[in-house]
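Student: Structure in structure tokens, see below.
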Amino acid sequence: MSDLIIFLVLLGLGYGFGRYAEQRHFRSIIAREKEFRNLPVIAARFPPAKLPPPRTRLVSGSVVVSVDYFKRFLARLRNLIGGRVKSYESLLDRARREAILRMKEEARGLGAEMVFNIKLETASISKGRKRKIGAIEVLAYGTAIIPSAGNGAAVELQQS
Amino acid sequence: MVPQLFHLPVMERLLNYSNPEIPEGINYSKEHPLKEFFLLVVGVLLFFLSLVLILGVLAEFLASYVPFSAELKIVALQKSDEQPEAQAIENYLQTLAGRLAAVQGLPEGMTVKVHYVDSDSINAFATLGGQIVVFRGLLDIVPDENTLAMVIAHEIAHIKLRHPIKGLGRAVVIGTAIAMFNGGAGNDIVTDVLGEAGLLTALKFSRDQERAADAIALQALARVYGHIGGAGEVFRLLQQQHEKTGLITPEFFNTHPLTENRIEEINVMANNNNWPTMGFMVDLPPAFSQWLHQAREVEDGSGGQGLL
């Protein structure tokens, strides 16, 4: 009986804190995405070849998120039944977007205006016990394109 | 004018690139997590409870097809330590059991053997192969033969109804089902919760079985003594013990129905069958306390071991 009570308390804590943290994080993400809207990250590998090569730097952003008890319990039930593990979906969405935002921050810090060849990697950081996922790391990395003020070789652009 | 290369407006024109605001809720669901939680938990619990129920019923039904001779064979494999000091008390108990078994109409081949165990526990139980175990603690507090007869008749009724083998079958099947979930889910807390749910369902069978045994025991008592005088006394004694130890747990978590319920049910049964609730109470044999004292005198550490 006491096991059941402990379990319910953990569940409640996980749910309460987890949900509060998640809502806050989403609000922060949406606000910062607005702010960084003008620094696009592009999956294409190279800028158009006809342009002279710009200054480039590798930029990356990473984030490690952990699952709360409530989300983990829901995921385990889903393991029995199957279907979308919605509790993890929102967590991973936040992690991806946060990683991209951190990469954008680094790019902006270098004076870049866009990032090419962006890639995402996800790794699980296990606690040591085989079946339990302790935390997830998402890494976003790409090539930041830094425009130099006053380029020596000016190229006439076709006005489209 | 020197065109500023790799500035966003230029690139957007060159690449025909646009970066609109993406709407929320594409990669995740806006459904409230508690809604999913309740749906899943209720669904899984209902499924598991019904599974345990069905398996339990099936197991009990199949277990009754195990012949009593098989139970005897299982029991024969176990060596029981004979206590010569307890011989006198066991003889008396066996004779009493024989009278009570005779009026219950046990099927062909079913035998009853009573064992005495030197322990303070105020209890008696029936197990495989027609074995009944009576503890010294219970024998210490029975005031007369009728009360003792009720206890023994109750245990004989369990044997007649094949409850020990059914209980064993049910426990094995449910235990296996829970072990299957263990492997599948791989999560301690989930299986703990499911295990508790399974245990609660298992308890219900035991309560029904106790009621059935009560009914048959009352009938045997009435046939042998002409009245059911000792029956209520047993449960009053049990209730006293419960109150002494201060344990009053809700019925759901007990394998035995609460004593108040049982006493009530006895009176109802007595009414329905016109059995007198009081009558002449047969005293325990004069040498009874002497036999108990004898059995207790020699303290042997392995007393009573080897029984199921």
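Student: Report, by residue number, each residue of region A:77-96 that is touching a helix residue (DSSP H, G or I) at 6+ places or on another chain (Cβ under 6 Å) and buried (at least 21 other Cβ atoms within 10 Å of the Cβ).
Tutor: A:Leu77, A:Ser87, A:Arg94
Student: Could you tell me whether any residue of region B:44-63 is facing chain A (nearest Cβ under 9 Å), open to solvent by less than 60 Å² (accessible area, probe 1.4 Å) and at pLDDT below 90?
Tutor: Yes.
Student: Kindly provide the set of residues from region B:158-181 that are open to solvent by less than 40 Å² (accessible area, probe 1.4 Å), of a type in the set (A, V, I, L, M) and under 16 Å from B:Glu71 (Cβ atoms), ordered by number.
Tutor: B:Ile159, B:Ile165
Student: Then there's this: Just the residues that are aliphatic (A, V, I, L, M) and within 11 Å of another protein chain (Cβ to nearest Cβ), please, taken from region A:1-30.
Tutor: A:Met1, A:Leu4, A:Ile6, A:Leu8, A:Leu10, A:Leu11, A:Ile29, A:Ile30
Student: Turning to a different aspect of this structure: For region A:97-115, how many residues are within 24 Å of B:Glu24 (Cα to Cα) and crowded, with 19+ Cβ neighbours inside 10 Å?
Tutor: The number of residues fulfilling the criteria is 10.
Student: Would you please name the residue that is surrounded by the most Cβ atoms within 10 Å (Cβ to Cβ), looking only at residues in region A:36-50 that are more than 22 Å from the chain's Cα centre (by Cα) and facing another protein chain (nearest Cβ under 10 Å)?
Tutor: A:Pro47
Student: So, A:Glu33, is that one at pLDDT 90 or above, open to solvent by less than 60 Å² (accessible area, probe 1.4 Å) and within 8 Å of another protein chain (Cβ to nearest Cβ) or not? So that I can check it myself, show each step before the final result.
Tutor: Details: at pLDDT 90 or above: yes; open to solvent by less than 60 Å² (accessible area, probe 1.4 Å): yes; within 8 Å of another protein chain (Cβ to nearest Cβ): yes.
It is true that A:Glu33 is at pLDDT 90 or above, open to solvent by less than 60 Å² (accessible area, probe 1.4 Å) and within 8 Å of another protein chain (Cβ to nearest Cβ).
Student: Further question on the same structure: Mind listing just one residue for me: the one in region B:22-41 that is in a helix (DSSP H, G or I) and open to solvent by less than 80 Å² (accessible area, probe 1.4 Å) and, of those, nearest to the other protein chains (Cβ to nearest Cβ)?
Tutor: Once the filter is applied, the top-ranked residue is B:Leu40.
Student: Do you know which residues across region B:227-241 are in a helix (DSSP H, G or I) and not small (Gly, Ala, Ser)?
Tutor: Residues satisfying the conditions are B:Glu233, B:Val234, B:Phe235, B:Arg236, B:Leu237, B:Leu238, B:Gln239, B:Gln240, B:Gln241.
Student: Now a separate question. Inspect region B:14-21 for any residue being touching a residue at least 60 places away in the same chain (Cβ under 8 Å), over 30 Å from A:Ser87 (Cβ atoms) and surrounded by 13 or more Cβ atoms within 10 Å (Cβ to Cβ) and give the result as yes or no.
Tutor: To start, the set of residues in region B:14-21 that are touching a residue at least 60 places away in the same chain (Cβ under 8 Å) comprises none.
Within region B:14-21, not a single residue is touching a residue at least 60 places away in the same chain (Cβ under 8 Å), over 30 Å from A:Ser87 (Cβ atoms) and surrounded by 13 or more Cβ atoms within 10 Å (Cβ to Cβ).
Student: Just checking, does region B:268-288 include any residue being assigned to a helix (DSSP H, G or I), surrounded by fewer than 18 Cβ atoms within 10 Å (Cβ to Cβ), at pLDDT 75 or above and β-branched (Val, Ile, Thr)?
Tutor: Yes.
The values are calculated or read from the model by the stated rules, or taken from the named source; none is laboratory data. Small disclaimer: the values here were computed from a predicted structure and weren't measured. Cβ sites come from the backbone with ideal geometry, for glycine too, and all protein chains shown count toward neighbours. Surface accessibility is based on the protein's heavy atoms, side chains included, excluding ligands, DNA and RNA. Shrake-Rupley method; radii C 1.70, N 1.55, O 1.52, S 1.80 Å.
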